[in-house]
Each structure stands twice: as C-alpha cells, then as structure tokens.
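**Q** This is the structure, below, for whatever I ask next.
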Amino acid sequence: MFVTDIRKEFYDIVVNQRVALLVSLDVDALCACKVLQALFHCDQVQYTLVPVKGWQDLGTAFLEHKEQFRYFVLINCGANVDLLETLQPEEETIFFICDTHRPVDVVNVYNDTQIKLLIKQDDDLGVPSYDDIFRDDEEEGGDQDSGNESDGSSEPSGKRRRFDEGAIERRIERQRARREWEARRREILFDYEQYEYHGTASAVVLFELAWVMSKDTKDMLWWAIIGLTDQWVHDRITHMKYVTDIAALQRHVSRHNHCNEDEDNSLSIDCMRICFEYDLRLSLYQHWSLYESICNSCYTLSTFKLWSIQGQKKLQEFLADMGLPLKQVRQKFNSMDIAIKENLRDVIEESSNKYGMKDIRIQTFGVHFGFKNKFLATDVVHAAAALLESVEKDESGTDNFIKALDCLSRSNLDQLHRGIELAKKKLMAIQQTVASCICTHLILSQGPFLYCCLMEGTPDVKLFSKPLALTLLCKYLLKSFARSTRNKRCKILPLVMAAPLDVEKGTVIVMGIPPECETSDKKNFFGRAFEKAAESTSSRTLHDNFDMSIIELKMQDRSKFLDALVTLLS
Amino acid sequence: MPRNCCLHSENEAKSEGRSELIPSIKFRHCCLLRNQRCVTAYLYDRLLRIRALRWEYGSVLPAAIRFHMCAEELEWFNQYKKSLATYMRSLGGEEGLDITQDRKPPKSLYIEVRCLKDHGEFEIDDGTIILLKKNSQHFLPRWKCEQLIRQGVLEHVIS
C-alpha cells in the first residue's frame, strides 16, 4: 500500500528497531542511502547495509538476513514485481520500498499489511482500481449450489426440472460474465504493465522525509540533487519532470542559503554552499579541457557529428566563431585565461544558437566548499557511476559500491577525483565506440527497431558489460544515429543494443531504449517484449536486472531471440 | 657472579704463571657481558609486548600467539592479567571499571562499521545476531565493535 504520512508510517515505526537496508546499484539509490544513513545516525537506529545487484542478489540477501531482521527497507528495487511471491517472507516481515521503477506491481499496491510503498502518489501512477483486478469470489457458492441441485436430486420432478433449467441458465450467465471480467482484467493489466518508466528520485523522496522532520542538512540536499541529476543523465525522466523537480529543489536551496548568509555573519569559505547554475551541457568541463569536453559530450557530439571530418571542421569554426584560441581551449579548464572564463557560458550560448544547439544550457546545481573544490551535480553523477561500474581488476561489485558510496561524502575528495578520472575514460570510450559504430554502419534496422551488436574485440568493450555504462552508450548512439541518418523512418525507431558480458559463459547483455524524440515520454516497452520473445523461443535468458529492459542472453540464442522480437513488434 | 668468574680465571692464570692471558680473559668477559645485556634486553622487550597483548586482545590470546610464547611467558601473562583484574576491580565502586575499553575518548554511542572480511555471525547484547559479510556496513553499539575493530575484522567508517 502507499504510505500517506511517510513520517508516521515509516520513520516512527523503524526508529526503535533494527533495519536491513537493501540498496540497488545506481547513483540515485546511493544518494537515497546516504540520506537515510544520515537520518539513522542522528536517531541511532541500528541498521545493516547490503548492496544488491539484481533479483538473485536480493533473494540471497533476504534469505541471509530474514532471521535477524523484521523490517527491510528496499531502495530502488522491489516495486515492479510481486515481492511476496518472489521472496516468500514470514507474516511479520514488513518491507518499506522506495523505488523509482514504475509501474508498481498491483499486488504490492493492494497489500495492506506487509508492503509499504514510500512513493509519492501524485506521481502520475494510473493504478487500476481494486475491483477491476481482484474479485472476491462469491459466486463459487452459487456454482456449487446449482451443482448440488443438479446432481443431488434422484427424482427429477417437473418443478425440479424447471428450477434446474433456471439454475443452469444463471450459471451460464455467471460464467460468461466472469470470462468477460477476466478478459477486461487482462486488458487492463496489459495496458498498465506494458510500458516501464521511472518516477520521482528516491533521494528526493527521502530528503523530503528529512525536511518534514526538520532534520535536513545541506549535505542531504546535495545528495537529493545528485539523485535527481542521475535520473536526467541516464535519461530516465522527461525534461518536463526534471525541470519541475529542479524547481522544487531550488526552493530548498534558497531556504538553506538564506538561513546562514547574512551581512554580519557570512559563512567561512570552507562551509558548503549550494547554488543554482544555468550551466552548459558539457560533461565534466570544469575538470577537463573545454575542447575534450565538447568532443565527448552527447549533445555536442551528435550535433556537430564529430566522427566525421566535416564535423571536426565545424567544431573548429565554432571555436573560431567564439574567438577562443585553440591553445586556450585545449588547456585544463582551471588554467584557462580568466578573461575567457568569465563570459564563457554566454559566449557559448550565443554561438551555439547559430549552430542549431538551442539548449546548450541546462538548469542544474553546483556546490563549492573551500577554495579549490567546486563541483557540478553532473560531475558527481558521472564520477559515482564510473566508480560503481569500474572494471579494473580485483574489484568486486561490493568493493565498487563502497567506493562509490564514499565518494559522495565531502571528506573523501580523492575518491571523487579518482571517479572523475574514470568517468573521463568512460566518456572517451563511449565517444570512440559511437564514432566507430556509425562509421562502420554497425547499426542496422530490423524493421520495428534498430539493432547494434558490439563485437568481442572492440576496445573497452568490458566497460559496456555494465548497465549504466551501456545506458549512456545507447543514448549517445541513438542520438548520434538519429542526427546522421537520412532515412526518415529510422530516425524515430527505438534501439536494441547487445554487448558481450561474459566470454567464458558465452552471454551477452541486451538492452532496449525508447526512440529519440524531443517530447519523448521515456516509456520503454522492451521489458515485456523481451520477456515474451524469450518465452516464445525458449531462449536462455536471465532477467536479473531491476530494470526489465536489460537482460542477459546466451550468444547462441541471439538470432532466434531477435527474430522473435521482430515478429512480436511488427 | 660473572665478575667472580672473571676474577677466578685471572687468579688461575696468575698462579700458573701465564699473566699474558689476562687481557684475553678480560676481553672475553666483556663480550659475555654484552651478550648477556642483549639477551636481557630482548627478553624484556618481549615482556613489554606480551603486556601490550593483554590490552589489545583481551584476556584470551589467540592460539597463534600462544604458540610463540614459552611456558614462563604464559605464566607471566597470567600473573599480569590477575594483577590488572584486581586493580580494575578496586576502582569504580562495587563492579570495578574496565579500563581496557574506550582507550580513546568516544564520540558517540553507535558507530558505523564496515566489514573487511567474512566473519560469520556475531551476537550483540540484546541477543540478536548480525551476519558479518565482506563489504557489508552496519551501525552498531560502539563497545561491541571495539574488539573486532582491533582484530581487523571491522573498520570504523568516518564520513
């Protein structure tokens, strides 16, 4: 059931208990986890934190901890599947689920005792009403009645016969009504569960809990901002929703800023300040050189078509148009001439309008503490995502989780800088892969969707065996392809991407994203499509990820799976 | 006694008419004294370390460490333990005060710890059991974690 008063129905219940926190592996979940940890530290709630990568991990973690804990808090996992069925918990176990995955499974919505959803209800949920899906079976008795009547009698008298006919008719009528109801129920459920999308960031929901209790701090606000920015970077929410949520957070930022800044007692430079920025869409540009950042950001990469020679020339023209000397632009951003840095954003905005980039600037937030440390929210998102999915040797999934969690604290700046370096490598790898895919025409149209398969020997292909990196690659690739192709129909097709996952086991990771469009509502139907295609061809698939649109598949089954998918979606 | 040995050897040498040996005797004596000092210093250092073990590991030493101690050292350790226990009982009223805990001034009742290796199940004061798996994080009462932190199983996370 949905929780109406998050403070009374969630926090006041767990505050005197021991809680198990099961956290999914994405940046929004990490931020939500940090906010909740800070609240728990404040109130001395004992907890155990376990990272979970997918449904199997969730099941294992639950089994290991179910004897010791009665209250489980699931962050960014568990809402979109019937949880009680999957985990089979005891009667007293209670789950608090703070998840952005939609649609929320109907059983989770209508269970009153064990599942509490920490989800804002104005999030446009469209849950079917109870009567449309669940039916208390009262006519079972009616059926039995007529059954008894029909075979209980040994002497069919005239009256009895007429009564029987009436009973049979009623039974037939009831069965017909029931079949109709079931058909309608199937249709309603199909419509409800067909498209996957995401709701408000968990970090924002938990920040609002902290705010309601007046225990919110600037650190928590910053984590909420990072959670929201993560949703935007990985293309999970629409632009409208992003802007609305930014406006909501902006009110909190102003409130925090006004608390402390005063004529007489201004804050020391070491204190944390969050400010609203209408900044450029160039990833990591303040920690890189401007040139590198332009070459490796999705927006500029796809607009200028930087994989081609003409694209490179256009970029040079663009820089010349702004009056930025190449030598300056290739330097580290911090070492650029101050005169250039001062009006950089406005200058870039003006020139980009001429080159067809209308929204080079995006609303976001930045933080700075101390003289050297200035970060934008997107910088931290990229750093944390790179740390979370780092493929360096001797690092297991949980090691990476710990490192990524650490990099979000202000006291672990070296971890954050390390993350930024890894993110730069990741972005460069993505740019090179996109360039090679487009130049070698690796993206093929299969009819209802585009398909691209990364081969085993591609450089940096190990990076793309992880879901977040693969999401970014798909997004960049689709955007670039949509700009570069001349085929009008191909511009609006969705993309399915396959990348090698584990060479020894012969598996690939397959992911589908919705079509690239200005007003896209980011609703993804590939989750259900993959399920159905796998069923119909009995391919060996593993639907382990919390996002239904990312699956693992055996390499040999790839072609028949694709064929089934094509038939399904035509 | 070593000095007596030296004098005795010297007297013997003089009585047998071989006084040219006296410098050698004196030299050898100095070497022996030096060796004795070295060995004594070593043994004393071992003793100090054994004393520190009580503060680090508690009353029961791990078998690996006991293996490297001789019987006399174990005896000394037990005596030291008894002596420390008597002292602790004499402090703080009826129950005594365990001064081997809280060696640094504590900042909070509960601390966040991260598990560095798989330790299995761990019981805390109210009887509940916590599964300590590598890389899991927990928020537990400080006094329960101190022992494990010293052993290197848990790591205190400061954020």
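Please treat every number below as a calculation from the coordinates, not as lab data. Predicted model, so just to flag it, every value in this text is computed and none were measured. Backbone-built Cβ (ideal geometry, glycine too); neighbour counts: all protein chains shown.
**Q** Relative contact order of chain A, please, whole-number percent, based on alpha carbon pairs below 8 angstrom and at least 6 residues apart.
**A** 13
**Q** To continue, here is another question. Please give me, ordered by residue number, the chymotrypsin sites (Phe, Trp or Tyr not before Pro) of region A:349-413 that lie in loop per DSSP and have at most 15 other Cβ atoms within 10 Å.
**A** Within region A:349-413, the qualifying chymotrypsin sites (Phe, Trp or Tyr not before Pro) (loop, at most 15 other Cβ atoms within 10 Å) are A:Phe371.
**Q** For A:Trp222, A:Trp211, A:Trp307, what's the fewest-to-most ordering of other Cβ within 10 Å of each Cβ?
**A** A:Trp211, A:Trp307, A:Trp222
**Q** Going through region A:369-473, which GluC sites (Glu not before Pro) have at most 10 other Cβ atoms within 10 Å and a DSSP loop state?
**A** When the GluC sites (Glu not before Pro) of region A:369-473 are filtered for loop state and at most 10 Cβ neighbours within 10 Å, A:Glu392, A:Glu456 remain.
**Q** On to the next question. Among residues other than A:Trp181 whose Cβ falls under 9 Å from its Cβ, what is the net charge (Lys/Arg +1, Asp/Glu -1)?
**A** +2
**Q** Could you tell me which GluC sites (Glu not before Pro) in region A:42-127 are loop residues by DSSP with no more than 10 other beta carbons within 10 angstrom of their beta carbon?
**A** For GluC sites (Glu not before Pro) across region A:42-127 that sit outside H, G, I, E and B with at most 10 neighbouring Cβ atoms in 10 Å, the list reads A:Glu90, A:Glu91, A:Glu92.
**Q** At q = 0.18 Å⁻¹, what is the log10 ratio I(q)/I(0) for region B:35-95, with the Debye formula run over Cα points and no solvent?
**A** Listed by q, the Debye log ratios stand at -0.70.
**Q** Okay, next question. What does the net charge come to around A:Val508 if you take all other residues with beta carbon closer than 12 Å to its beta carbon, with K and R at +1 and D and E at -1?
**A** Numbers: positive: A:Lys505, A:Arg540, A:Lys554, A:Arg558; negative: A:Glu456, A:Asp502, A:Glu552, A:Asp557.
Around A:Val508, the charge tally is 0.
**Q** In a Debye calculation with equal point scatterers on the alpha-carbon sites of region A:463-570 and no solvent, what is log10 I(q)/I(0) at q = 0.10, 0.12, 0.15 Å⁻¹?
**A** So the normalised log intensities are -0.28, -0.41, -0.64.
**Q** Using only helices, what value at 222 nm comes out for chain A when you add -39,500 (n - 2.57) per DSSP H run of length 4 or more and divide by the total residues, to the nearest 500 deg cm²/dmol? Working shown, then result.
**A** Values: 22 runs with 282 residues, N = 570.
Rounded to the nearest 500, the figure is -15500 deg cm²/dmol.
**Q** I've got another one for you. Can you give the Rg and Dmax of region A:1-144 based on its C-alpha atoms, in angstrom?
**A** Cα radius of gyration and Dmax of region A:1-144 are 16.3, 60 Å respectively.
**Q** Then there is this: Among the lysines, select those whose C-alpha is under 21 Å from the C-alpha of B:Lys14, and discard any that sit fewer than 8 residues away in the same chain.
**A** B:Lys26
**Q** Aspartates and glutamates near A:Lys215 by alpha-carbon distance under 16 Å, same-chain residues fewer than 8 away left out - which ones?
**A** A:Asp12, A:Asp43
**Q** Can I ask one more? Evaluate the distance, in nm, between pseudo-label points positioned 7 Å from the Cα of B:Glu20 and of A:His417 along their respective Cα→Cβ axes.
**A** Computed distance between label sites B:Glu20 and A:His417 equals 7.4 nm.
**Q** Find the relative contact order for region A:484-570 and round it to a whole percent, using C-alpha pairs within less than 8 Å whose residues are 6+ positions apart.
**A** Values: 125 pairs, mean separation 22.9, N = 87.
Dividing the mean separation by the residue count of region A:484-570 yields 26 percent.
**Q** With 15 Å as the cut-off, how large is the P(r) tail for region A:351-443, expressed as percent of Cα-Cα pairs?
**A** 69
**Q** If you average 1/r over every pair of different alpha-carbon atoms in region B:1-55 and take one over that average, what Kirkwood value in Å do you get?
**A** 13.3 Å is the Kirkwood radius here.
**Q** Let me check the size of the protein assembly as shown from its C-alpha atoms; what are the radius of gyration and Dmax in Å?
**A** Here Rg and the maximum Cα pair distance are 34.9, 152 Å.
**Q** Another question, then. Let me know the volume per residue of the alpha-carbon convex hull for region A:169-216, in Å³.
**A** 89
**Q** Counting only DSSP beta bridges with both residues in the protein assembly as shown, tell me the antiparallel percent, nearest 5.
**A** Details: 46 of 70 bridges.
Looking only at bridges with both residues in the protein assembly as shown, the antiparallel portion is about 65 percent.
**Q** Give the separation of the Cα centroids, region A:70-101 to region A:526-570, in Å.
**A** For region A:70-101 versus region A:526-570, the Cα centre distance is 26 Å.
**Q** Next question. Roughly what angle does helix A:158-194 make with the longest principal axis of chain A, taking Cα atoms, 0 to 90 degrees, to the nearest 10?
**A** Approximately 10 degrees, to the nearest ten.
**Q** Would you please classify the overall shape of region A:457-510 from the alpha carbon gyration tensor, given that a ≥ b ≥ c denote the square roots of the eigenvalues, rounded means a/c under 1.5, and beyond that prolate means a/b larger than b/c while oblate covers the rest? Walk me through the intermediate numbers first.
**A** Numbers: a/c = 2.66, a/b = 2.33, b/c = 1.14.
Judged from the Cα gyration tensor, region A:457-510 comes out prolate (a/c at least 1.5, a/b above b/c).
**Q** Any idea what Rg and Dmax come out to for region B:1-140 if you just take the C-alpha atoms, in Å?
**A** Considering region B:1-140 through its Cα atoms, Rg and Dmax are 26.6, 84 Å.
**Q** Once the other residues with Cβ under 9 Å from the Cβ of A:Leu463 are scored (Lys, Arg +1; Asp, Glu -1), what is the net sum? Numbers along the way, then the final one.
**A** On the way: positive: A:Lys425, A:Lys426, A:Lys462, A:Lys466; negative: A:Glu389, A:Asp460.
In short, +2.
**Q** Something else now. What's the longest uninterrupted piece of chain B once you rule out the trypsin sites (Lys or Arg not before Pro) that are loop residues per DSSP with at most 16 other Cβ within 10 Å?
**A** Within chain B, the longest run free of exposed trypsin sites (Lys or Arg not before Pro) spans B:19-102.
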